[in-house]
Amino acid sequence: MNATEPGRAPDFLIIGAQKCGTSWLHHQLRQSDEIFMPDDKDHEHFSYVGNLNAEAFADWCRRFAAAPAGQLIGDANAAYFWTRSGSAWSRQPDSFNPDIPRSVQQFCGSQLKLIVMLRDPVERSVSAYLHHIRHGAITPDDSILDTDLPLGIVDMSLFRVHLANWLDVYPAENIHIVKALPDSRESAVTTVETVCRFLGAAPPPLERYYFEPVFPGLPRVVDESGVWLRAAGEDQPALASRPDAEKIIDGERYLRVVSAEELARLRELFAGQAIV
C-alpha cells in the first residue's frame, strides 16, 4: 500500500492533554517495532466540524497507509481531550467540534483504545500559558485567568470533566490514564511499558528510549509569590516591564507572569480535578 491509497483506521489514539507529555510518549511509542505512528503529531482531524465527512476521513487515514501489515496503528493529538466543560474558560473556536468523543467513535469504532496523559492541573495550566506566550499566541499582559483566551489554558485542566465526557462514549477499559509525568529514567520506562501492555504491543528496546522532554518549555522559577521568567535571554519572549513584579534571582532580572493570587485561584478551581 502506498501513501496515495486509503489506510485503515487507527487502533489507538493519544488524546491529550496538552502539555502533559503527549509528544514524549508519541516519540517513545514510535520506537516500538510493533507500532506505527505518523511523525506529524497533532493533526487535528476530529477537532473541527469541517472534517467530519467520509472524504476527509479517508484523507486522514492515508497518513497510516505506510503501516506494515501486523503493526498496531496509532495517532496523537493533545487537543482531543478538550471537550465542552461549560466553565467560564470553555470558549472554543466557532469551527471546533462540540463532541469530539462521539465523532471519534463514529469514525474509528467502539473498540478503539485511548491514552490520556495527565499531570498536576495547576502545573499543566501554567505550562500551557507559558507555551502560548513563547509561540506568540498571547503576551504576558494577558492574565492566565482571562476567560477570553480561546486556548484551553485553564479549561483543559478540568480533567475530571473532560474524562467524564469521554467515558460517556468509551468504557473505562478502553482508556489508559498516565496520571503524572515520568520523573526518572525508571518511571519513564515503566510508563512506556505499561502503555504498551495496554495496547498489546512490545515496548521499544531500551537503547531507543529518549529520556528528555521533547518540548521542555520556558525555564521558570515558581515560588510562594508566583511564576517568574527571566527578563531577557536566548529563546525568551519579550516580556512587558512590570516594575512592581520583578526581582533578581541568581544575579539575573526576573519578571512575574503569574501572581500568587492567580496561582491560588487556579488551585481553587482545580480542587478535586487531579486523577490520583
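Brief remarks on what is shown
- Table column - 3J(HN,Hα) (Hz), the range 149-159, Karplus curve with 6.51, -1.76, 1.60, x for Gly and Pro: 7, x, 10, x, 4, 8, 4, 5, 8, 7, 4
- Potential extension, Asn53-Asp183 segment - 0.36 nm per residue separation minus Cα distance: 42.7 nm
- Surface accessible to a 1.4 Å probe, per residue, for the residues of the range 124-268, Å²: 51 Å²
- The calculated P(r) of the chain, using every Cα pair and 10 Å bins from 0, goes 6, 28, 33, 23, 9, 2, 0 in percent.
- Average silhouette area of the range 56-195, convex hull of alpha-carbon atoms, in square nanometres: 10.4 nm²
- Scaling the Cα radius of gyration of the range 1-117 by the globular reference 2.2 N^0.38 Å produces a ratio of 1.06.
- Using the Karplus relation 6.51 cos²θ - 1.76 cosθ + 1.60 with θ = phi - 60°, the per-residue 3J(HN,Hα) values for the range 199-210 come to 7, x, 10, 6, x, x, x, 4, 5, 9, 5, 10 Hz, with x marking Gly and Pro.
- Mean Cβ count within 10 Å, highest first, over the residues of peptides 144-152, 207-215: 144-152, 207-215
- Of the Cα atoms belonging to the range 147-276, the radius of gyration and Dmax stand at 19.3, 55 Å.
- Spherically averaged projected area in nm², based on the convex hull that wraps the Cα atoms of the range 4-53: 4.6 nm²
- Applying the Karplus relation 6.51 cos²θ - 1.76 cosθ + 1.60 with θ = phi - 60° to the range 118-134 yields 3J(HN,Hα) values of 10, 7, 4, x, 5, 4, 5, 5, 4, 4, 5, 4, 5, 4, 6, 5, 4 Hz, where x marks Gly and Pro.
- Cα-based radius of gyration of the range 50-132 once divided by 2.2 N^0.38 Å, which approximates compact folds: 1.32
- Once backbone amide H atoms are built at 1.01 Å from N, Ile14 has Asp75, Ala76, Asn77, Ile115 as its partners under 5 Å, excluding neighbours fewer than 5 places away on the same chain.
- Atom-type composition of the exposed protein surface of the chain places 50 percent of the accessible area on carbon and sulfur (1.4 angstrom probe).
- Accessible surface, per residue, of the range 1-60 when the full set of protein chains is kept, probe 1.4 Å, Å²: 43 Å²
- For the chain, the tally of Lys pairs with Cα-Cα distances below 19 Å comes to 4, considering only residues 8 or more apart or on different chains.
The values are calculated or read from the model by the stated rules, or taken from the named source; none is laboratory data. Just so it is clear, the model here is predicted, and its values are computed rather than measured. No Cβ is skipped: glycine too gets one built from the backbone with ideal geometry, and neighbour counts run over all protein chains shown. We work out accessible area using only protein heavy atoms, side chains counted, and drop any ligands, DNA or RNA first. Shrake-Rupley method; radii C 1.70, N 1.55, O 1.52, S 1.80 Å.
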